[in-house]
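The numbers here are math on the coordinates, done by the rules we state, and not lab data. From a predicted model like this one, the values you see are computed outputs, not experimental measurements. Neighbour counts are summed over all protein chains in view; Cβ atoms, including those assigned to glycine, are modelled from backbone coordinates with ideal geometry.
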Amino acid sequence: MLYVYYFFLFIVTAIAEIIGCYLPWLIVKQGKSLVLFIPAMLSLLIFCLLLTLHPAAAGRTYAAYGGVYILVALSWLRWVEGVNLIRDDYLGAFVIFLGVIIIMAQPLSRLFGK
């Protein structure tokens, strides 16, 4: 059950990071108000704090998080930016999801030892 908790924590963390990067993008690329830097900075602060809630070694946490980030970024692309995903996006997301599961659950280490 902890895996589900940490997976969803990764999702929330990725959303915080994407918002923190997307808002400045809107300022630079679409001329939106500079006021958006304030929620962007808050979102990135939340992102940093959320990353500290994971119990695994930092490198392993970042590796698994990176995979979840890609999955969330593709979802953001589809649902926020309205871009239709293609077959390769789905295939890549599936492969990445398998990688995240292997890194988080470490099934081979449990079967064969470290």
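Cα-based radius of gyration for segment 2-112, normalised by 2.2 N^0.38 Å, reads 1.20. Ellipticity at 222 nm from helices only: DSSP H runs of n ≥ 4 in the chain, each -39500 (n - 2.57), divided by the residue count, give -27000 deg cm²/dmol. Membrane-span-like helices in the chain (whole DSSP H runs, Cα extent of at least 18 Å along the helix axis, mean Kyte-Doolittle hydropathy of at least 1.6): 37-51, 87-105. Going 7 Å from the Cα of Ile101 in the Cα-to-Cβ direction, what parts of segment 52-84 have a backbone nitrogen less than 18 Å from that spot? Label zone hits: 64-72. Please report the net charge: other residues with Cβ closer than 12 Å to the Cβ of Leu26, K and R +1, D and E -1. Result for the local shell: +1.
A full extension of the chain between Phe37 and Ala73 corresponds to an added length of 10.9 nm, given 0.36 nm per residue minus the alpha carbon distance. A straight chain from Leu49 to Tyr22 at 0.36 nm per residue would run longer than the Cα-Cα distance by 7.9 nm.
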